[in-house]
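Participant: First the structure, which I've put down as structure tokens, then a few questions once you've had a look.
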Amino acid sequence: MPRLFERLLVVTSFASTLWTLTQSRTITAKTHLVLQALASFQGYRGLFPSHESIASRSGCSVRTVIRALEAAYRLGIVTRTRQRQRVSGRVCNGVNRYRLIIKPLEQARAAAVHYTQQLREALSRRKQAFLSKCQNDSELNSQSNFFNTEPLSGAGMSHNDLIRWCESIGYRGST
């Protein structure tokens, strides 16, 4: 019986955390509903409902559930562990396991972990964009060199042609 009391205490404390966040307008009412629905799935084996299950229990769309969970990750009140499964020799995404966080220090730690992950992903995307831009620029330069054996000057002539033309008109350059 103590286990049931501990679960009840966790859900009650989480509910009070949600109430405080809603009253301070940190989260929206829909986010509050979604997170309450998530907390209602708490069982002795853990917390691992699908987005669709949370959406049906909260009366919201799946997209709203995803947005609410992202807000909860940012605030550090929920953490997610992604599970991978091997199916027919391939590794696929499994169920997400969620954990409700009540203690402020743990919330700050979870929020920091989430922001670190987001920063790593953003830096990775920027690096990929930069590398693809560099690759595209080098392809353009190699294509222009492919069609022209010598680089062109501003006048549209190769360097040697420009020198010959300057010599033909008697131009010797500035002295």
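The values are calculated or read from the model by the stated rules, or taken from the named source; none is laboratory data. Computed from a prediction, not measured in an experiment: that's the story for all the values here. Cβ atoms come from the backbone with ideal geometry, glycine included; neighbour counts cover every protein chain shown. Protein only, heavy atoms only, side chains kept; ligands, DNA and RNA dropped before computing areas. Shrake-Rupley method; radii C 1.70, N 1.55, O 1.52, S 1.80 Å.
Participant: Which of the residues that make up the stretch 40-55 are surrounded by fewer than 19 Cβ atoms within 10 Å (Cβ to Cβ) and either not charged (D, E, K, R) or not in a loop (DSSP other than H, G, I, E, B) (or both)? Steps first, please.
Facilitator: So in the stretch 40-55, the residues surrounded by fewer than 19 Cβ atoms within 10 Å (Cβ to Cβ) come out as 40-48, 50-53.
If the condition is that a residue be surrounded by fewer than 19 Cβ atoms within 10 Å (Cβ to Cβ) and either not charged (D, E, K, R) or not in a loop (DSSP other than H, G, I, E, B) (or both), then Ser40, Phe41, Gln42, Gly43, Tyr44, Gly46, Leu47, Phe48, Ser50, His51, Glu52, Ser53 are the ones that fit.
Participant: Given the structure, is Arg90 over 23 Å from the mean Cα position of the chain (by Cα), basic (Lys, Arg) and open to solvent by 80 Å² or more (accessible area, probe 1.4 Å)? Spell out how you get there, then give the answer.
Facilitator: On the way: over 23 Å from the mean Cα position of the chain (by Cα): yes; basic (Lys, Arg): yes; open to solvent by 80 Å² or more (accessible area, probe 1.4 Å): yes.
Taking the combined requirement at face value, the residue satisfies it.
Participant: Search the stretch 17-39 for residues being touching a helix residue (DSSP H, G or I) at 6+ places or on another chain (Cβ under 9 Å) and small (Gly, Ala, Ser), and hand back the single one that is surrounded by the fewest Cβ atoms within 10 Å (Cβ to Cβ).
Facilitator: Step one: list which residues in the stretch 17-39 are touching a helix residue (DSSP H, G or I) at 6+ places or on another chain (Cβ under 9 Å), which gives 17-19, 21-22, 26-39.
Add one more test, that the residue is small (Gly, Ala, Ser), and what stays is 29, 37, 39.
Working: Ala29: 9, Ala37: 20, Ala39: 19.
For the stretch 17-39, the residue satisfying everything is Ala29.
Participant: Before we move on, is Ser58 open to solvent by less than 60 Å² (accessible area, probe 1.4 Å), among the hydroxyl-bearing types (Ser, Thr, Tyr) and closer than 17 Å to Leu33 by Cα? Spell out the reasoning first.
Facilitator: Working: open to solvent by less than 60 Å² (accessible area, probe 1.4 Å): yes; among the hydroxyl-bearing types (Ser, Thr, Tyr): yes; closer than 17 Å to Leu33 by Cα: yes.
It is true that Ser58 is open to solvent by less than 60 Å² (accessible area, probe 1.4 Å), among the hydroxyl-bearing types (Ser, Thr, Tyr) and closer than 17 Å to Leu33 by Cα.
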